[in-house]
1. How large is the dipole of the protein assembly as shown about the Cα centre if only Lys and Arg carry +1 and Asp and Glu carry -1, each at its Cβ, rounded to the nearest 20 debye?
2. In degrees from 0 to 90, rounded to the nearest 10, what is the angle of the helix A:68-77 Cα long axis to the longest principal axis of chain A?
3. Between region A:38-78 and region B:283-316, what's the alpha-carbon centroid distance in Å?
4. Report, to the nearest whole %, how much of the accessible area of region B:162-365 belongs to carbon and sulfur atoms, 1.4 Å probe, protein only.
5. Which of the lysines could a cross-linker bridge to B:LYS175, judged by Cα under 21 Å and excluding same-chain residues fewer than eight apart?
6. Given an 8 Å cut-off on Cα distances and at least 6 residues of separation, report the relative contact order of chain B as a percent.
7. How far, in degrees from 0 to 90, does helix A:51-63 lean away from the longest principal axis of the Cα atoms of chain A, to the nearest 10?
8. Where in region A:64-92 does accessible area fall by at least 40 Å² between the isolated chain and the complete protein assembly, at a 1.4 Å probe radius?
Amino acid sequence: MLFLFSHAFAAPAFDLLKLRDPVPCAALGEATPVLRDELLLLTAPDILPSSVPMRAADCLAERFAEDPAVQAAFTAWTLDPARPGQVLLLLGRADTLPEPMALALVRGSLASPSARVSEKARSVAELSAAASIRALVTP
Amino acid sequence: MIFRLFFLALGASLLACTTGAPSSSETTACDGEIHSETLSLKSDEDGRVTVPVALDGNDDAFMVLTARSTGTVSTDGVVDGEGTPVLDWEDWSTGHESLTNAFFASSDVSVLNWPVRDEDGPLAAGDWTVFASTLDNDGYYKGNQAAEVTVIRRSCSGGTPSIPITIAYAGKLEKDREVTSAVEAAAARWIEIYGEYGVDITVDYVSVDMDGSVPEPLPGADAYTDVYAAIGEGIVVVVGDDVAGNANLYGEAGGIPGPILPSPHSVVAVSWLVHAGPDAAFSDEEIEIFAETMAHESGHFLGLYHPVEDGWTYWDALDDTKKCSSESSCESALSDNLMFPYPVCAARCVEQVALSTGQVGVILNNVGVR
(Lines give C-alpha, C1' and ligand atoms only; values in the text may rest on other atoms or scores of the structure.)
Protein backbone atom coordinates (compact mmCIF):
# COMPACT_ATOMS: atom_id res chain seq x y z
CA MET A 1 0.00 0.00 0.00
CA LEU A 2 1.05 3.52 -0.69
CA PHE A 3 1.71 5.77 2.26
CA LEU A 4 2.22 9.45 1.65
CA PHE A 5 4.37 10.19 4.64
CA SER A 6 6.49 13.27 4.14
CA HIS A 7 9.52 11.83 5.93
CA ALA A 8 10.13 9.56 2.97
CA PHE A 9 11.31 12.50 0.90
CA ALA A 10 14.51 13.00 2.84
CA ALA A 11 15.93 9.48 2.62
CA PRO A 12 18.78 8.41 0.32
CA ALA A 13 17.84 6.82 -2.98
CA PHE A 14 18.61 3.23 -2.01
CA ASP A 15 16.48 3.47 1.11
CA LEU A 16 13.51 4.58 -0.94
CA LEU A 17 13.98 2.19 -3.82
CA LYS A 18 14.22 -0.86 -1.54
CA LEU A 19 10.71 -0.40 -0.13
CA ARG A 20 8.28 -3.16 -0.98
CA ASP A 21 5.41 -0.75 -1.50
CA PRO A 22 5.43 2.09 -4.03
CA VAL A 23 7.39 5.29 -3.70
CA PRO A 24 7.23 7.81 -6.54
CA CYS A 25 10.48 8.72 -8.30
CA ALA A 26 9.76 12.32 -7.40
CA ALA A 27 10.44 11.40 -3.78
CA LEU A 28 14.11 11.00 -4.65
CA GLY A 29 14.56 14.75 -4.67
CA GLU A 30 15.76 17.21 -7.27
CA ALA A 31 17.01 15.93 -10.62
CA THR A 32 20.66 16.81 -10.06
CA PRO A 33 23.76 15.20 -11.58
CA VAL A 34 24.46 13.75 -8.15
CA LEU A 35 21.12 11.95 -8.13
CA ARG A 36 21.66 10.82 -11.73
CA ASP A 37 25.03 9.32 -10.88
CA GLU A 38 23.66 7.68 -7.75
CA LEU A 39 20.85 6.11 -9.75
CA LEU A 40 23.24 4.92 -12.45
CA LEU A 41 25.25 3.16 -9.75
CA LEU A 42 22.07 1.64 -8.34
CA THR A 43 21.22 0.06 -11.69
CA ALA A 44 24.06 -2.45 -11.25
CA PRO A 45 22.52 -5.90 -11.84
CA ASP A 46 24.07 -7.49 -8.75
CA ILE A 47 22.44 -5.16 -6.21
CA LEU A 48 19.94 -6.77 -3.84
CA PRO A 49 17.03 -6.66 -3.58
CA SER A 50 16.81 -6.82 -7.34
CA SER A 51 13.93 -4.39 -7.37
CA VAL A 52 16.43 -1.64 -6.59
CA PRO A 53 18.29 -1.72 -9.93
CA MET A 54 14.94 -2.05 -11.70
CA ARG A 55 13.44 0.92 -9.94
CA ALA A 56 16.64 2.92 -10.38
CA ALA A 57 16.42 2.36 -14.13
CA ASP A 58 12.79 3.35 -14.05
CA CYS A 59 13.51 6.57 -12.20
CA LEU A 60 16.34 7.41 -14.60
CA ALA A 61 13.89 7.08 -17.46
CA GLU A 62 11.35 9.21 -15.65
CA ARG A 63 13.67 11.92 -14.34
CA PHE A 64 16.68 11.97 -16.68
CA ALA A 65 15.42 10.87 -20.07
CA GLU A 66 17.07 13.83 -21.83
CA ASP A 67 20.48 13.24 -20.23
CA PRO A 68 23.11 12.02 -22.72
CA ALA A 69 24.84 9.84 -20.12
CA VAL A 70 21.57 8.09 -19.37
CA GLN A 71 20.75 7.69 -23.04
CA ALA A 72 24.17 6.12 -23.63
CA ALA A 73 23.70 3.75 -20.73
CA PHE A 74 20.27 2.64 -21.88
CA THR A 75 21.50 2.01 -25.41
CA ALA A 76 24.44 -0.03 -24.14
CA TRP A 77 22.15 -2.15 -22.01
CA THR A 78 20.32 -3.47 -25.07
CA LEU A 79 23.29 -5.73 -25.82
CA ASP A 80 24.14 -6.57 -22.21
CA PRO A 81 23.10 -10.14 -21.33
CA ALA A 82 22.82 -9.13 -17.67
CA ARG A 83 20.18 -6.48 -18.35
CA PRO A 84 17.29 -7.77 -20.48
CA GLY A 85 14.92 -7.15 -17.59
CA GLN A 86 15.83 -3.49 -17.42
CA VAL A 87 15.53 -3.19 -21.20
CA LEU A 88 12.09 -4.80 -21.10
CA LEU A 89 11.11 -2.32 -18.46
CA LEU A 90 12.30 0.60 -20.57
CA LEU A 91 10.62 -0.75 -23.69
CA GLY A 92 7.38 -0.84 -21.75
CA ARG A 93 7.56 2.89 -21.29
CA ALA A 94 9.12 3.73 -24.66
CA ASP A 95 6.20 5.95 -25.57
CA THR A 96 7.07 8.22 -22.64
CA LEU A 97 10.72 8.63 -23.66
CA PRO A 98 12.08 11.31 -25.99
CA GLU A 99 11.80 10.02 -29.53
CA PRO A 100 15.54 9.91 -30.27
CA MET A 101 16.11 7.90 -27.12
CA ALA A 102 13.19 5.59 -27.77
CA LEU A 103 14.41 5.09 -31.31
CA ALA A 104 17.89 4.11 -30.14
CA LEU A 105 16.45 1.83 -27.49
CA VAL A 106 14.13 0.01 -29.86
CA ARG A 107 16.77 -0.25 -32.58
CA GLY A 108 19.26 -1.75 -30.17
CA SER A 109 16.66 -4.05 -28.66
CA LEU A 110 15.66 -5.46 -32.03
CA ALA A 111 19.22 -6.79 -32.24
CA SER A 112 19.23 -8.08 -28.67
CA PRO A 113 20.46 -11.63 -28.06
CA SER A 114 17.44 -12.04 -25.78
CA ALA A 115 14.44 -13.33 -27.73
CA ARG A 116 12.14 -11.86 -25.10
CA VAL A 117 13.67 -8.42 -25.63
CA SER A 118 13.70 -8.54 -29.42
CA GLU A 119 10.09 -9.72 -29.53
CA LYS A 120 9.04 -6.96 -27.16
CA ALA A 121 10.95 -4.41 -29.24
CA ARG A 122 9.15 -5.55 -32.37
CA SER A 123 5.79 -5.24 -30.66
CA VAL A 124 6.66 -1.77 -29.34
CA ALA A 125 7.84 -0.65 -32.77
CA GLU A 126 4.73 -1.91 -34.51
CA LEU A 127 2.47 -0.04 -32.11
CA SER A 128 4.57 3.12 -31.81
CA ALA A 129 3.02 6.48 -32.56
CA ALA A 130 6.37 7.65 -33.91
CA ALA A 131 6.88 7.02 -37.63
CA SER A 132 10.64 6.76 -37.16
CA ILE A 133 10.19 3.88 -34.72
CA ARG A 134 7.52 2.11 -36.76
CA ALA A 135 9.87 2.31 -39.72
CA LEU A 136 12.31 0.02 -37.89
CA VAL A 137 9.97 -2.92 -38.52
CA THR A 138 8.19 -1.75 -41.64
CA PRO A 139 9.49 -3.31 -44.87
CA MET B 1 -19.73 20.06 10.59
CA ILE B 2 -16.69 17.89 11.26
CA PHE B 3 -13.81 18.17 8.85
CA ARG B 4 -12.30 14.90 7.69
CA LEU B 5 -9.69 16.22 5.28
CA PHE B 6 -6.84 14.43 7.05
CA PHE B 7 -8.22 11.04 6.32
CA LEU B 8 -9.39 12.10 2.91
CA ALA B 9 -5.93 13.24 1.87
CA LEU B 10 -4.16 10.21 3.25
CA GLY B 11 -6.65 7.65 2.16
CA ALA B 12 -8.11 8.90 -1.07
CA SER B 13 -5.66 7.04 -3.23
CA LEU B 14 -5.68 3.92 -1.13
CA LEU B 15 -9.13 2.55 -0.96
CA ALA B 16 -11.74 0.94 -3.03
CA CYS B 17 -14.77 1.85 -5.01
CA THR B 18 -17.45 -0.61 -5.92
CA THR B 19 -19.07 -0.47 -9.29
CA GLY B 20 -20.35 -4.01 -9.30
CA ALA B 21 -23.80 -4.60 -7.86
CA PRO B 22 -23.62 -6.75 -4.75
CA SER B 23 -26.41 -9.20 -4.22
CA SER B 24 -27.69 -11.22 -1.33
CA SER B 25 -26.23 -14.67 -0.99
CA GLU B 26 -25.75 -17.41 1.54
CA THR B 27 -23.18 -20.10 1.08
CA THR B 28 -21.75 -22.80 3.26
CA ALA B 29 -18.06 -22.61 4.09
CA CYS B 30 -15.87 -24.67 6.42
CA ASP B 31 -17.78 -25.43 9.60
CA GLY B 32 -19.83 -22.27 9.53
CA GLU B 33 -21.68 -20.09 7.12
CA ILE B 34 -21.24 -16.81 5.34
CA HIS B 35 -24.28 -14.58 5.30
CA SER B 36 -24.28 -11.62 2.94
CA GLU B 37 -26.96 -8.96 2.89
CA THR B 38 -27.12 -5.78 0.84
CA LEU B 39 -29.00 -2.76 2.13
CA SER B 40 -29.95 0.43 0.34
CA LEU B 41 -29.60 3.12 3.01
CA LYS B 42 -29.52 6.90 3.18
CA SER B 43 -27.42 9.13 5.40
CA ASP B 44 -29.18 11.45 7.82
CA GLU B 45 -28.92 15.20 7.50
CA ASP B 46 -25.53 15.11 9.24
CA GLY B 47 -24.15 12.60 6.77
CA ARG B 48 -24.30 9.61 9.09
CA VAL B 49 -25.35 6.19 7.82
CA THR B 50 -26.66 3.77 10.44
CA VAL B 51 -25.99 0.17 9.47
CA PRO B 52 -27.74 -2.56 11.46
CA VAL B 53 -25.71 -5.71 12.01
CA ALA B 54 -27.71 -8.44 13.75
CA LEU B 55 -25.35 -11.05 15.15
CA ASP B 56 -26.32 -14.45 16.42
CA GLY B 57 -24.27 -16.43 18.88
CA ASN B 58 -22.32 -18.19 16.13
CA ASP B 59 -21.03 -15.11 14.34
CA ASP B 60 -17.37 -14.52 14.99
CA ALA B 61 -16.59 -11.75 12.48
CA PHE B 62 -18.31 -9.40 10.09
CA MET B 63 -17.39 -7.08 7.27
CA VAL B 64 -19.31 -3.95 6.33
CA LEU B 65 -18.72 -2.47 2.90
CA THR B 66 -20.29 0.95 2.47
CA ALA B 67 -20.36 2.19 -1.11
CA ARG B 68 -21.69 5.11 -3.05
CA SER B 69 -21.33 6.24 -6.61
CA THR B 70 -20.44 9.89 -5.99
CA GLY B 71 -18.58 11.77 -3.29
CA THR B 72 -16.68 9.87 -0.63
CA VAL B 73 -17.50 7.54 2.20
CA SER B 74 -15.87 6.42 5.42
CA THR B 75 -16.59 4.24 8.43
CA ASP B 76 -16.81 6.04 11.77
CA GLY B 77 -17.41 3.43 14.42
CA VAL B 78 -19.05 0.36 15.85
CA VAL B 79 -21.48 -0.02 18.74
CA ASP B 80 -22.11 -3.49 20.18
CA GLY B 81 -25.41 -5.11 21.06
CA GLU B 82 -25.36 -3.61 24.56
CA GLY B 83 -25.04 -0.11 23.15
CA THR B 84 -21.38 0.20 24.08
CA PRO B 85 -19.09 1.89 21.55
CA VAL B 86 -16.29 -0.52 20.67
CA LEU B 87 -14.68 1.45 17.86
CA ASP B 88 -14.51 5.21 17.24
CA TRP B 89 -12.51 6.72 14.41
CA GLU B 90 -11.61 9.74 16.53
CA ASP B 91 -9.62 7.50 18.86
CA TRP B 92 -7.34 6.71 15.91
CA SER B 93 -7.21 10.05 14.11
CA THR B 94 -4.20 11.59 15.83
CA GLY B 95 -2.16 8.65 17.07
CA HIS B 96 0.74 6.89 15.45
CA GLU B 97 -0.83 3.45 15.28
CA SER B 98 -2.97 2.15 12.42
CA LEU B 99 -5.92 -0.21 12.87
CA THR B 100 -7.92 -0.06 9.63
CA ASN B 101 -8.15 1.98 6.47
CA ALA B 102 -11.93 2.03 6.93
CA PHE B 103 -11.49 5.39 8.64
CA PHE B 104 -9.95 6.91 5.52
CA ALA B 105 -12.40 8.73 3.29
CA SER B 106 -12.61 6.71 0.11
CA SER B 107 -13.84 7.68 -3.30
CA ASP B 108 -16.78 5.39 -2.92
CA VAL B 109 -16.41 2.32 -0.73
CA SER B 110 -15.24 1.86 2.84
CA VAL B 111 -14.35 -1.60 4.12
CA LEU B 112 -14.48 -2.45 7.81
CA ASN B 113 -13.75 -5.95 9.07
CA TRP B 114 -14.59 -6.50 12.73
CA PRO B 115 -12.98 -7.59 14.94
CA VAL B 116 -9.61 -6.50 13.60
CA ARG B 117 -7.45 -7.88 16.43
CA ASP B 118 -8.20 -10.77 18.72
CA GLU B 119 -8.52 -8.30 21.58
CA ASP B 120 -11.38 -6.62 19.70
CA GLY B 121 -13.45 -9.79 20.00
CA PRO B 122 -15.14 -12.10 20.64
CA LEU B 123 -18.47 -10.88 19.34
CA ALA B 124 -21.55 -11.16 21.54
CA ALA B 125 -24.93 -11.84 20.02
CA GLY B 126 -27.15 -8.83 19.66
CA ASP B 127 -28.15 -5.95 17.47
CA TRP B 128 -24.91 -4.20 16.64
CA THR B 129 -24.60 -0.94 14.73
CA VAL B 130 -21.91 0.29 12.38
CA PHE B 131 -21.79 3.98 11.63
CA ALA B 132 -20.56 5.13 8.26
CA SER B 133 -20.52 8.61 6.74
CA THR B 134 -21.16 10.19 3.41
CA LEU B 135 -18.84 13.07 2.61
CA ASP B 136 -18.21 15.49 -0.18
CA ASN B 137 -14.97 15.52 -2.14
CA ASP B 138 -13.47 18.06 0.27
CA GLY B 139 -13.98 15.83 3.29
CA TYR B 140 -17.05 17.50 4.79
CA TYR B 141 -20.01 15.42 5.89
CA LYS B 142 -22.80 15.56 3.34
CA GLY B 143 -26.29 14.57 4.40
CA ASN B 144 -29.18 12.78 2.73
CA GLN B 145 -26.98 10.71 0.44
CA ALA B 146 -27.76 7.21 -0.79
CA ALA B 147 -25.39 4.46 0.25
CA GLU B 148 -25.33 0.81 -0.67
CA VAL B 149 -24.13 -1.27 2.24
CA THR B 150 -23.21 -4.94 2.21
CA VAL B 151 -22.93 -6.76 5.52
CA ILE B 152 -21.10 -10.07 5.50
CA ARG B 153 -21.28 -12.16 8.66
CA ARG B 154 -19.12 -15.19 9.28
CA SER B 155 -19.91 -17.99 11.63
CA CYS B 156 -16.96 -20.29 11.60
CA SER B 157 -16.65 -22.37 14.70
CA GLY B 158 -13.88 -24.74 13.79
CA GLY B 159 -11.89 -26.49 11.10
CA THR B 160 -8.69 -25.35 9.47
CA PRO B 161 -8.82 -21.72 8.36
CA SER B 162 -8.53 -21.51 4.60
CA ILE B 163 -8.21 -18.81 1.98
CA PRO B 164 -8.93 -19.47 -1.67
CA ILE B 165 -6.31 -17.75 -3.82
CA THR B 166 -6.66 -17.21 -7.54
CA ILE B 167 -3.61 -16.18 -9.53
CA ALA B 168 -4.68 -14.43 -12.70
CA TYR B 169 -2.18 -13.98 -15.52
CA ALA B 170 -2.49 -10.79 -17.56
CA GLY B 171 -0.86 -10.07 -20.91
CA LYS B 172 -0.91 -13.71 -22.01
CA LEU B 173 1.71 -14.54 -19.40
CA GLU B 174 0.13 -17.95 -18.99
CA LYS B 175 1.99 -18.86 -22.20
CA ASP B 176 5.36 -17.82 -20.80
CA ARG B 177 6.78 -20.94 -19.21
CA GLU B 178 9.61 -19.12 -17.43
CA VAL B 179 7.13 -16.81 -15.74
CA THR B 180 4.56 -19.45 -14.88
CA SER B 181 7.24 -21.72 -13.42
CA ALA B 182 8.46 -18.92 -11.18
CA VAL B 183 4.94 -17.97 -10.13
CA GLU B 184 4.07 -21.57 -9.31
CA ALA B 185 7.26 -21.95 -7.28
CA ALA B 186 6.51 -18.71 -5.45
CA ALA B 187 2.93 -19.81 -4.78
CA ALA B 188 4.18 -23.10 -3.36
CA ARG B 189 6.43 -21.16 -1.01
CA TRP B 190 3.54 -18.86 -0.06
CA ILE B 191 1.52 -21.93 0.90
CA GLU B 192 4.40 -22.94 3.19
CA ILE B 193 4.64 -19.47 4.74
CA TYR B 194 0.97 -19.24 5.66
CA GLY B 195 0.83 -22.93 6.51
CA GLU B 196 3.40 -22.39 9.26
CA TYR B 197 0.72 -20.36 11.05
CA GLY B 198 -2.14 -22.77 10.51
CA VAL B 199 -3.65 -20.99 7.53
CA ASP B 200 -4.32 -23.15 4.49
CA ILE B 201 -4.36 -21.51 1.11
CA THR B 202 -5.57 -23.14 -2.04
CA VAL B 203 -4.33 -21.78 -5.35
CA ASP B 204 -6.03 -21.78 -8.72
CA TYR B 205 -4.67 -20.27 -11.92
CA VAL B 206 -6.60 -18.40 -14.58
CA SER B 207 -5.78 -16.01 -17.39
CA VAL B 208 -7.46 -12.65 -17.82
CA ASP B 209 -7.85 -10.52 -20.91
CA MET B 210 -5.78 -7.57 -19.78
CA ASP B 211 -2.68 -5.83 -21.04
CA GLY B 212 0.57 -6.98 -19.45
CA SER B 213 1.02 -3.58 -17.88
CA VAL B 214 -1.69 -3.87 -15.23
CA PRO B 215 -3.19 -0.93 -13.35
CA GLU B 216 -2.87 -0.26 -9.66
CA PRO B 217 -5.95 -1.43 -7.74
CA LEU B 218 -7.25 2.08 -7.34
CA PRO B 219 -10.39 3.95 -8.43
CA GLY B 220 -10.83 3.65 -12.17
CA ALA B 221 -9.27 0.19 -12.46
CA ASP B 222 -12.61 -1.17 -13.61
CA ALA B 223 -11.05 -4.25 -15.17
CA TYR B 224 -10.50 -5.58 -11.67
CA THR B 225 -14.22 -5.29 -10.96
CA ASP B 226 -14.85 -7.72 -13.79
CA VAL B 227 -11.97 -9.99 -12.80
CA TYR B 228 -13.20 -10.32 -9.22
CA ALA B 229 -16.81 -10.78 -10.30
CA ALA B 230 -15.76 -13.69 -12.50
CA ILE B 231 -13.77 -15.35 -9.71
CA GLY B 232 -16.06 -14.42 -6.88
CA GLU B 233 -14.19 -15.16 -3.66
CA GLY B 234 -10.98 -15.04 -1.73
CA ILE B 235 -7.89 -13.16 -2.80
CA VAL B 236 -7.18 -12.57 -6.47
CA VAL B 237 -3.55 -11.94 -7.38
CA VAL B 238 -3.15 -10.41 -10.84
CA VAL B 239 0.32 -11.00 -12.30
CA GLY B 240 1.48 -8.55 -14.94
CA ASP B 241 4.73 -7.45 -16.54
CA ASP B 242 4.56 -4.33 -14.44
CA VAL B 243 2.06 -2.38 -12.38
CA ALA B 244 1.09 1.07 -13.60
CA GLY B 245 3.67 1.07 -16.39
CA ASN B 246 6.74 1.34 -14.25
CA ALA B 247 8.95 -0.47 -11.78
CA ASN B 248 7.75 1.52 -8.84
CA LEU B 249 6.44 -1.45 -6.96
CA TYR B 250 6.71 -5.17 -6.50
CA GLY B 251 3.00 -5.31 -5.86
CA GLU B 252 0.07 -3.53 -4.34
CA ALA B 253 -3.02 -4.57 -2.39
CA GLY B 254 -6.36 -2.92 -2.99
CA GLY B 255 -6.97 -2.04 0.64
CA ILE B 256 -6.30 -2.68 4.32
CA PRO B 257 -8.46 -4.68 4.35
CA GLY B 258 -9.46 -5.16 0.74
CA PRO B 259 -13.05 -5.61 -0.38
CA ILE B 260 -14.20 -9.16 -1.05
CA LEU B 261 -16.84 -7.94 -3.45
CA PRO B 262 -16.21 -6.84 -7.03
CA SER B 263 -14.53 -3.43 -7.21
CA PRO B 264 -11.44 -1.79 -8.70
CA HIS B 265 -9.71 -2.51 -5.36
CA SER B 266 -10.53 -6.18 -5.05
CA VAL B 267 -7.18 -7.60 -6.11
CA VAL B 268 -3.51 -7.75 -5.31
CA ALA B 269 -1.50 -6.68 -8.37
CA VAL B 270 2.11 -7.85 -8.75
CA SER B 271 4.88 -7.45 -11.30
CA TRP B 272 6.87 -10.52 -12.35
CA LEU B 273 9.48 -8.37 -14.08
CA VAL B 274 10.44 -6.31 -11.05
CA HIS B 275 10.91 -9.53 -9.11
CA ALA B 276 12.99 -11.17 -11.82
CA GLY B 277 15.32 -8.18 -11.79
CA PRO B 278 17.76 -6.79 -14.36
CA ASP B 279 18.46 -10.15 -16.01
CA ALA B 280 14.74 -11.05 -16.31
CA ALA B 281 15.53 -14.51 -14.96
CA PHE B 282 14.46 -15.73 -11.55
CA SER B 283 17.08 -16.81 -9.07
CA ASP B 284 16.03 -18.82 -6.04
CA GLU B 285 16.32 -15.68 -3.95
CA GLU B 286 14.07 -13.74 -6.32
CA ILE B 287 11.46 -16.50 -6.18
CA GLU B 288 11.61 -16.29 -2.38
CA ILE B 289 11.02 -12.53 -2.50
CA PHE B 290 8.23 -13.04 -5.05
CA ALA B 291 6.55 -15.46 -2.61
CA GLU B 292 7.03 -13.03 0.24
CA THR B 293 5.54 -10.22 -1.83
CA MET B 294 2.40 -12.20 -2.58
CA ALA B 295 2.11 -13.19 1.08
CA HIS B 296 2.88 -9.62 2.22
CA GLU B 297 0.43 -7.88 -0.09
CA SER B 298 -2.23 -10.45 0.72
CA GLY B 299 -1.50 -9.72 4.37
CA HIS B 300 -2.44 -6.11 3.66
CA PHE B 301 -5.57 -7.29 1.84
CA LEU B 302 -6.53 -9.28 4.93
CA GLY B 303 -5.99 -6.32 7.25
CA LEU B 304 -2.33 -6.25 8.25
CA TYR B 305 -0.24 -3.10 8.35
CA HIS B 306 3.52 -2.93 8.37
CA PRO B 307 4.62 -3.41 11.97
CA VAL B 308 6.52 -0.16 11.51
CA GLU B 309 6.45 2.25 8.61
CA ASP B 310 9.62 3.48 6.98
CA GLY B 311 10.41 6.61 8.94
CA TRP B 312 10.01 4.70 12.21
CA THR B 313 7.24 6.87 13.69
CA TYR B 314 4.10 4.95 12.69
CA TRP B 315 3.26 1.44 13.83
CA ASP B 316 0.54 -1.14 13.59
CA ALA B 317 -1.92 -1.45 16.47
CA LEU B 318 -0.70 -4.83 17.66
CA ASP B 319 0.87 -5.32 21.08
CA ASP B 320 3.22 -8.10 20.05
CA THR B 321 5.03 -6.38 17.16
CA LYS B 322 7.88 -4.34 18.58
CA LYS B 323 7.52 -0.53 18.57
CA CYS B 324 11.03 0.24 17.40
CA SER B 325 12.02 3.77 16.41
CA SER B 326 15.12 3.66 14.25
CA GLU B 327 16.26 1.83 11.15
CA SER B 328 18.84 -0.20 13.02
CA SER B 329 16.55 -1.15 15.90
CA CYS B 330 13.68 -1.99 13.56
CA GLU B 331 15.83 -4.13 11.30
CA SER B 332 17.19 -5.84 14.38
CA ALA B 333 13.75 -6.54 15.81
CA LEU B 334 11.59 -7.04 12.76
CA SER B 335 13.61 -7.70 9.60
CA ASP B 336 12.31 -11.26 9.42
CA ASN B 337 8.68 -10.21 9.76
CA LEU B 338 6.54 -10.86 6.70
CA MET B 339 5.04 -7.39 6.93
CA PHE B 340 8.32 -5.47 7.28
CA PRO B 341 8.23 -2.63 4.75
CA TYR B 342 11.21 -3.77 2.67
CA PRO B 343 13.48 -6.75 2.05
CA VAL B 344 16.63 -6.55 4.15
CA CYS B 345 19.59 -7.63 2.06
CA ALA B 346 23.35 -7.71 2.19
CA ALA B 347 25.12 -10.54 0.38
CA ARG B 348 21.76 -12.30 0.67
CA CYS B 349 18.31 -11.20 1.77
CA VAL B 350 16.80 -12.09 5.13
CA GLU B 351 13.86 -14.46 4.80
CA GLN B 352 10.78 -12.47 5.78
CA VAL B 353 8.25 -15.07 6.78
CA ALA B 354 7.58 -14.48 10.48
CA LEU B 355 4.18 -13.44 11.80
CA SER B 356 3.36 -12.60 15.39
CA THR B 357 0.42 -14.17 17.17
CA GLY B 358 -1.39 -10.86 16.87
CA GLN B 359 -0.77 -10.68 13.14
CA VAL B 360 -2.09 -14.21 12.65
CA GLY B 361 -5.14 -13.15 14.64
CA VAL B 362 -5.83 -10.28 12.24
CA ILE B 363 -5.65 -12.67 9.29
CA LEU B 364 -7.97 -15.20 10.92
CA ASN B 365 -10.48 -12.51 11.86
CA ASN B 366 -10.99 -11.51 8.23
CA VAL B 367 -14.28 -12.86 6.93
CA GLY B 368 -12.53 -13.87 3.73
CA VAL B 369 -10.77 -16.57 5.73
CA ARG B 370 -13.08 -19.50 6.36
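The values are calculated or read from the model by the stated rules, or taken from the named source; none is laboratory data. Because the structure is predicted, anything quoted here is derived from the model rather than measured. Cβ sites come from the backbone with ideal geometry, for glycine too, and all protein chains shown count toward neighbours. When the accessible area is computed, the model is the full protein with side chains, heavy atoms only, and any ligands, DNA or RNA have been set aside. Shrake-Rupley method; radii C 1.70, N 1.55, O 1.52, S 1.80 Å.
1. 1440
2. Taking Cα atoms only, the helix is inclined about 60 degrees.
3. 25
4. 48
5. A:LYS120
6. 20
7. In chain A, helix A:51-63 runs at an angle near 70 degrees to the longest axis.
8. Buried by 40 Å² or more upon assembly, which counts only protein chains, are A:LEU89.
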